[in-house]
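S.K.: The structure that follows is given in the form of structure tokens.
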Amino acid sequence: MRELLELYLAFLKIGCVNFGGGYAMLPLLERDLVNKRGWTTMEDLVDYYAIGQCTPGVIALNVSTFIGYRKRGPVGAIASTVGFLTAPVAIILVIAAFLTNFAELEVVQHAFAGIRVCVCVLILQAVMRLWKKSVVDHLSFLVYAAVLALMLLSTLLPFKIPAAVLIISAGVFGIFFGKSGRKDSAPKDRAEGKTEEAGEGKA
């Protein structure tokens, strides 16, 4: 019960500052869930983002469900999901009740303009972090370049290529041609660890 409460409170706090959507939340999730609590790794967090992009729902909400399930199974998934939803739902209800009366005020419009700029910076920071963890070799850069080209091309065509098609295609490409960087790096990490231990033993 204590772990479930911890999951609920952790994602309740994250939900209170859920500005800018899932990508803008990546730095916060990394700091709180990876660095502070050690509930997941950055590599797994990026994987959760990829899965969350392919499944219905808000990305950050899907990530909270994945992490809750990883910690305590279905009950943990429910606790973390409800925790994440509590604050946004309450805040949205309050805003919906009063925003229509104040939306036309100049001070409110200026506040929204400032928030939009801040959100752009947060999203850019998340993109940079995802780039470092995802585009790690020539093959992954090839996938990135191909998807970017298709997205740009779709703006020139009379029809747009659905994002779901691009995501599924990239996933299929990864299945047949990709390599797991974590599997390749695991022996290297162990070798480096043994080298360090040997050096300490000699010292």
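S.K.: Given the C-alpha centroids of region 33-69 and region 111-139, what is the distance between them in whole angstrom?
M.R.: 16
S.K.: Next up: Please compute the net charge surrounding LYS132, taking Lys and Arg as +1 and Asp and Glu as -1 over other residues with Cβ under 13 Å from its Cβ.
M.R.: Values: positive: ARG129, LYS133; negative: GLU30, GLU43, ASP137.
Residues near LYS132 contribute -1 overall.
Here, each number is a calculation from the coordinates, and none is a lab measurement. None of the values given here were measured: they were computed from a predicted structure. We place every Cβ from the backbone using ideal geometry, glycine too, and count neighbours over all the protein chains shown.
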